[in-house]
Every structure is written in structure tokens, then in C-alpha cells.
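K.L.:
My questions all concern the structure below.
The values are calculated or read from the model by the stated rules, or taken from the named source; none is laboratory data. On a predicted model such as this, the values are computed, not experimentally measured, just so you know. In this analysis, Cβ positions are derived from the backbone assuming ideal geometry, glycine residues included, and neighbour counts consider all displayed protein chains.
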């Protein structure tokens with residue numbers, strides 16, 4: 001009842017605040033569109049698995065700009081490809097070189113093909129027409145299709161974080177939190193009410209972004225849109241709980257903005273927008289504490305690889321865990337204002 | 001002699017040697033106070049003297065470092081007792097984006113008021129503070145006085161047993177102020193206990209008893225009449241100043 005009342009109030013406030021609504025709903029679409037126009041991929045050194053190919057060829061590959069791993073059987077190599085341990089698998093099929101690309105990242109695809117073409121050119125004794133097949137994606141997938149899913153996750157996260165942080169802060173600075181705490185509402189009811197009230201808008205935003213990305217921007221998408229919404233919503237919940245929690249440590253709107261370079265930007269770096277392989281391993285592990293990493297991983301899996309619950313379930317649970325943790329910490333942080 | 005009725009009801013508020021400090025600064029310093037049910041108690045003191053902290057301790061929003069606080073005989077802090085507590089804060093804690101009605105409805109629901117009752121209480125409280133015609137307006141468009149009145153209406157709507165009003169009549173015109181005071185009086189007649197902080201001295205005179213607070217201590221707690229008699233002053237304002245300087249200059253009496 002009280003949770004419902006609080007949720008309703010938040011919605012009523014929202015509807016009156018047109019600009020904030022625009023920020024929540026229009027800004028992500030705008031930025032996504034810009035990114036689509038602007039971005040182009042960058043080169044990486046690909047991991048190629050080789051199986052059942054002449055020794056000469058694999059030696060030559062090793063000297064090229066690629067990390068080569070030899071397998072005794074094709075099946076073994078393909079298994080690692082499916083696990084995303086490899087970017088491509090090279091075999092000989094009736095004397096013709098045949099390459100299977102993992103396919104999720106167009107820039108990696110390009111890099112693999114470039115390396116192979118350079119080497120095969122020097123081989124007179126092999127048929128040089130390369131047979132290319134894709135495990136996921138296709139030849140006409142653009143760079144944007146690959147990091148689009150990450151961006152979708154990022155913008156849901158970013159805008160919800162900002163809004164939740166600022167509105168919870170306003171509750172405090174306007175004195176209404178103090179007034180609220182003079183009523184018999186429980187601390188956890190406040191947090192739950194905020195979750196419910198904002199959750200509705202987060203869901204709307206997630207739906208809008210997903211539909212726009214797939215239908216209007218025509219992003220590559222082979223998975224279920226329901227799963228996509230679910231992950232987007234979970235990410236938004238994490239942003240919501242984190243935003244309200246951190247607003248307890250800010251005393252002005254400007255201080256909320258100051259959290260962006262500390263909390264939001266690093267997550268963008270670790271979320272898969274950029275290739276992390278060049279980074280030292282211990283630094284790479286930082287991504288495990290970043291909610292966006294899990295969200296982006298799941299989004300990519302769903303949109304490009306058509307993954308099901310069995311594949312991204314862990315990501316979903318981790319996000320849920322983050323939300324629960326932040327919400328709990330928030331209930332505790334409210335003790336500062338009322339002990340009960 | 002007008003001795004207050006000795007009844008079997010527990011006091012609305014009982015503070016027993018309560019102390020509260022923040023960052024090693026003592027804000028409330030060993031205060032004891034009993035306010036009977038149905039009493040209209042005025043709290044007077046300069047800003048920073050600890051009024052707001054004292055109110056929070058009375059309501060159980062804050063917990064005393066030492067000493068005990070009771071509301072209606074129940075040891076505080078206790079969440080359920082906030083149902084009995086109505087509070088009008090010094091700053092208008094209202095949601096500017098919402099209409100007056102939406103604000104009232106929100107707070108009403110927090111006290112568990114259900115549809116029909118809620119609707120009726122909103123109308124009742126709004127007409128009491130003359131806001132009926134403005135209920136559907138956005139609060140951002142309200143004048144300062146209207147916001148005060150809305151805050152008051154919100155504090156009243158769940159019919160609390162203990163009502164604390166922090167500067168309730170600031171920015172309210174004299175005619176309405178008079179009618180609000182009449183209403184407060186009729187509430188106490190029905191048994192509601194009201195604690196008012198005020199700077200308006202003619203309002204202070206309307207209280208049953210006054211507590212003059214300074215630096216976290218009561219320098220006097222008595223009826224307005226006996227405060228005047230004690231100090232030999234003709235107005236509460238003078239009495240307040242006299243009592244204050246007595247404190248500074250040491251005991252004169």
C-alpha cells in the first residue's frame with residue numbers, strides 16, 4: 001500500500017516533468033543513432049585455431065600477426081570456437097582452405113580474413129579460394145551491430161542512474177525525505193517504492209530502446225526480444241539502486257554528476273566496447289565488479305549469438321544480485337536519517 | 001484554582017533526562033518535560049536552540065544518547081507511534097510537481113487511509129485551511145502561505161493524537177491565522193495534544209503552557225500568566241528577554 005503510494009507519486013511527478021521524460025526516452029535513441037553514424041571498428045590480433053592443416057601452413061600462420069592454436073581434431077577446435085575462446089577455425093576441406101569465423105565482432109572477422117589472405121597468396125600449391133563460413137552473424141554485419149548491444153545496455157544504465165540519483169537526492173534536499181520519515185513508512189518501503197515507481201519507466205525505456213534499435217536502426221538481432229528486454233530491465237534496476245545508494249553520499253545535483261567519471265565511465269571501458277585483451281590480466285578482472293560488464297555480455301549473446309537462458313542466466317542472476325545488494329545498502333544508509 | 005485535570009491517561013509526551021549531541025556538540029542537554037494529553041504547549045527559543053532536535057526526540061524519529069522518551073506511555077523510538085504523530089515541518093516539505101490533492105493523497109496513504117476515508121479527510125482538511133478551491137493546482141504555483149496551509153492540512157488529515165507544528169502560521173494572513181488557532185483549540189478540546197513552535201508572541205500567549213528553550217535547556221516551563229507574574233513583565237516577549245538575560249547574568253532572583 002505505502003509502496004504503491006510512493007510509486008504512484010513518483011510516476012505523477014515524472015509525467016509533469018517533460019524534460020526529464022525526454023532525457024529518459026529520447027536521449028538514448030539520439031546518442032545511439034549518432035554512434036551508428038560515427039563509429040568504425042578497430043583492428044585486433046585474432047586468435048585462430050587450426051586443425052588438420054599442412055604443417056607448412058600452420059608454421060607460416062604462426063609468424064603472421066595472429067595467435068595460433070593447433071588442434072588435433074576439427075571438432076575440438078569448433079568446440080572452443082563456440083565457447084568464444086577462438087575467433088576463427090581454419091581447416092582444409094577437400095584441399096580447399098576453409099575458415100569458420102566466430103562472427104560476433106565484424107572488426108575481428110576482418111582481421112582474421114586479412115591475415116589469411118596475405119598468407120594464402122604466397123601458396124601456389126593450395127587452392128587459394130577461401131571458403132568462409134560464420135558461426136554467428138554474417139558477412140554483412142557492421143561494426144555497429146557488434147557493439148550496439150553494449151551501447152543499448154550502457155545507455156539504459158547511464159540515464160536511469162542519473163535520474164534515480166538526482167531524484168532521490170532531491171527528496172533529501174527539499175526536506176521531503178525528513179517529512180516522509182515522520183510518517184510510519186518503513187525504510188525498506190521507501191526503497192521498494194522507488195524501485196517500483198522508477199521500474200515502470202525503466203521498463204518503458206527498455207522497450208523503446210530495444211524496439212528502436214531493432215526496427216529503426218536495423219541492428220543485427222537473432223535472439224529473443226523478450227530476453228533483450230529482461231536484461232535491459234535488470235541493468236536499469238541495477239542503475240536505479242546504485243544511483244539512489246550513491247545519492248546518499250552526495251549533497252547537490254552537481255555531486256551526482258561527479259559520480260559519472262568514477263562510476264559510469266570506467267564501466268563503459270570494461271563493458272566490451274573496447275577490446276580488453278591488450279590489458280594486463282589482473283586489470284581485466286576489474287570487469288567482474290562492474291554490472292555493465294554482465295549486462296553487455298548478455299545483450300551481445302542474445303542479439304548476435306541468439307543465446308537462450310542457459311547461456312546468459314548467470315549474467316541475469318549477477319545483475320539481480322547487484323540490485324539486491326545496492327537496495328539493501330540503501331535501506332541501511334537511510335538509517336542515517338531515521339534509526340527505525 | 002485551575003489545576004489541570006488529574007486523569008489516568010498517560011502523558012502525551014514524557015521526556016526523562018534526555019540528552020542528544022551531534023559531533024560532540026550537545027544540542028539537547030538533560031531535558032525533562034511532561035506534556036499532558038489535550039494540552040497546547042508552546043515551544044519558544046531562538047534558532048539553533050535545539051527545538052527541532054527536541055521535536056524529533058519527542059516523535060521518536062531520533063534516538064536520545066541518554067535518558068528516556070515516551071509518547072502516550074510507550075517508550076520511544078517506536079515506528080507504530082508515528083501513526084499517532086502529525087508533523088508540520090518548518091520547511092514546506094511538499095512535492096512541487098504534484099497538485100495539492102496529489103500531495104495530500106500521497107501522505108494520507110502513508111498513514112494507511114483508504115479510498116473513501118482518504119477522500120473525505122482530504123476535503124475536510126482542505127476546507128479547514130481554505131484550500132478547497134486550489135486542490136487541483138500544481139503546488140509549484142502556490143503562494144508561500146498556501147504551501148504552509150497545505151502542510152498544515154497534511155499534518156492534520158490522519159487525525160493524530162499528538163500534533164507538532166513547527167512555525168505553523170508564518171506567511172498566513174491574520175484572518176486565517178485566527179481561524180487556524182480556533183481550530184487548534186477545538187482539536188485540543190477533543191483531546192489532541194498540540195506542540196507549537198512559534199516566534200509570534202501573541203500566539204505564545206494562547207498556549208496553555210510555554211517552554212522557553214535556550215542552548216538545549218529549558219530556562220522556564222510554565223503558563224503564560226505565571227511567566228508574566230514571575231518576571232513582572234507585561235508581555236511574553238519581555239518575559240522571554242528577562243528570563244534569557246537572567247540566564248546570562250547568573251541568578252538574579
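K.L.:
Can you name the number of the only condition in (1) touching a residue at least 40 places away in the same chain (Cβ under 8 Å); (2) surrounded by fewer than 20 Cβ atoms within 10 Å (Cβ to Cβ); (3) touching a strand residue (DSSP E or B) at 6+ places or on another chain (Cβ under 9 Å) that residue B:38 fails?
P.N.:
Checking residue B:38 against (1) touching a residue at least 40 places away in the same chain (Cβ under 8 Å); (2) surrounded by fewer than 20 Cβ atoms within 10 Å (Cβ to Cβ); (3) touching a strand residue (DSSP E or B) at 6+ places or on another chain (Cβ under 9 Å), the one that fails is (2).
K.L.:
Something else now. Tell me yes or no: at least one residue of region B:66-80 is crowded, with 22+ Cβ neighbours inside 10 Å, within 29 Å of residue A:13 (Cβ to Cβ) and either within 12 Å of chain A (Cβ to nearest Cβ) or modelled with pLDDT under 90 (or both).
P.N.:
no
K.L.:
Any idea which residue in region B:98-114 is surrounded by the fewest Cβ atoms within 10 Å (Cβ to Cβ), counting only those that are more than 10 Å from chain A (Cβ to nearest Cβ) and more than 20 Å from residue B:84 (Cα to Cα)?
P.N.:
Only one residue fits best here, namely B:101.
K.L.:
Quick one: in region B:86-97, of everything that is within 16 Å of the chain's Cα centre (by Cα) and at the interface with chain A (Cβ under 7 Å from one of its Cβ atoms), which residue is surrounded by the fewest Cβ atoms within 10 Å (Cβ to Cβ)?
P.N.:
Filtering first and then ranking leaves B:91.
K.L.:
Of all residues being farther than 22 Å from residue B:235 by Cα and surrounded by fewer than 17 Cβ atoms within 10 Å (Cβ to Cβ) in region B:190-216, which is nearest to the chain's Cα centre (by Cα)? Just the residue, please.
P.N.:
Here the answer is B:191.
K.L.:
Could I ask something else about it? Can you confirm whether residue A:166 is crowded, with 16+ Cβ neighbours inside 10 Å, under 21 Å from residue A:238 (Cβ atoms) and at pLDDT 90 or above?
P.N.:
Criteria not met by residue A:166.
K.L.:
Within region B:115-145, can you find the residues that are in contact with a strand residue (DSSP E or B) (Cβ under 9 Å, 6 or more places away or on another chain), within 12 Å of chain A (Cβ to nearest Cβ) and surrounded by 17 or more Cβ atoms within 10 Å (Cβ to Cβ)?
P.N.:
B:139, the sole residue that qualifies.
K.L.:
Right, next: Which count do you get for residues in region A:1-25 that are surrounded by fewer than 16 Cβ atoms within 10 Å (Cβ to Cβ) and modelled with pLDDT of 85 or more?
P.N.:
Of the residues in region A:1-25, 2 are surrounded by fewer than 16 Cβ atoms within 10 Å (Cβ to Cβ) and modelled with pLDDT of 85 or more.
K.L.:
Which of the residues that make up region A:80-112 are within 23 Å of residue A:221 (Cα to Cα) and free of Cβ contacts under 8 Å to residues at least 24 places away in the same chain?
P.N.:
A:83, A:84
K.L.:
Can you tell me which residue among A:312, A:322 is surrounded by 16 or more Cβ atoms within 10 Å (Cβ to Cβ) and either touching a strand residue (DSSP E or B) at 6+ places or on another chain (Cβ under 7 Å) or under 25 Å from residue A:215 (Cα atoms) (or both)?
P.N.:
Answer to the selection: A:312.
K.L.:
Which numbered condition trips up residue A:179, out of (1) touching a residue at least 12 places away in the same chain (Cβ under 8 Å); (2) within 14 Å of chain B (Cβ to nearest Cβ)?
P.N.:
Of (1) touching a residue at least 12 places away in the same chain (Cβ under 8 Å); (2) within 14 Å of chain B (Cβ to nearest Cβ), only one is false for residue A:179: (1).
K.L.:
Another question, then. Give all pairs with beta carbons closer than 7 Å in which a residue from region B:170-181 that is more than 9 Å from residue B:129 (Cβ to Cβ) meets a residue that is surrounded by fewer than 12 Cβ atoms within 10 Å (Cβ to Cβ) and at pLDDT 80 or above; count only pairs at least 6 apart in sequence or on separate chains.
P.N.:
What qualifies is B:171/B:144.
K.L.:
Of the residues A:88, A:51, A:66, which is crowded, with 18+ Cβ neighbours inside 10 Å and at pLDDT 85 or above?
P.N.:
Selected residue: A:88, the only one of A:88, A:51, A:66 that is crowded, with 18+ Cβ neighbours inside 10 Å and at pLDDT 85 or above.
K.L.:
Go through the residues of region A:197-207 one by one and say whether even a single one is part of a helix (DSSP H, G or I), within 14 Å of chain B (Cβ to nearest Cβ) and more than 26 Å from residue A:34 (Cβ to Cβ).
P.N.:
yes
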